[in-house]
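Just below is one structure, and these are the notes that go with it.
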Amino acid sequence: MELLEKFKGLIYEISSKELNQDQKDLAIRILEKFEDKDLEYVFQFIAQRIKTGFRFDSAPESNSQTIALLEKDNNLSFVLDENKTKENTLLIGENYDALKNLLLIERERESWWAS
């Protein structure tokens, strides 16, 4: 249990700007589900998600009846490998409007397949 307490302490030390209290509690509950031999891997997984920004906070809902029109900026775009097909897109920065648009596109795709 020493290792669990160490990782709990490290989670509590994370700035509230990085991880709010509810998220810290959730991370600790996740750690508590694992045996000591797996704790380091689980903690590294959680810590990596925090570093890369994969967090889920409440987003401001300005108007749920509208969507933002996004335009691709080719000057800021890049391709790592021309031979790979585009499977996933990582949105960096202020992406709330982009995520709302992706949700709309996904709902349209699901309704198209259902009909």
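In summary, A68 fulfils each of the numbered conditions (1) modelled with pLDDT of 75 or more; (2) part of a loop (DSSP other than H, G, I, E, B); (3) small (G, A, S) with the single exception of condition (1).
Restricting attention to segment 71-115, the residues that are at pLDDT 75 or above, assigned to a loop (DSSP other than H, G, I, E, B) and surrounded by 10 or more Cβ atoms within 10 Å (Cβ to Cβ) total 0.
Scanning segment 5-38 for residues that are outside any helix (DSSP H, G or I) and over 20 Å from the mean Cα position of the chain (by Cα) yields K33, F34, E35. Might you let me know whether segment 39-49 holds any residue that is under 30 Å from L10 (Cα atoms), part of a helix (DSSP H, G or I) and either modelled with pLDDT under 70 or among the charged types (D, E, K, R) (or both)? Yes, some residue in segment 39-49 is under 30 Å from L10 (Cα atoms), part of a helix (DSSP H, G or I) and either modelled with pLDDT under 70 or among the charged types (D, E, K, R) (or both).
The values are calculated or read from the model by the stated rules, or taken from the named source; none is laboratory data. Quick caveat, the model's predicted, so the values are computed rather than measured. We place every Cβ from the backbone using ideal geometry, glycine too, and count neighbours over all the protein chains shown.
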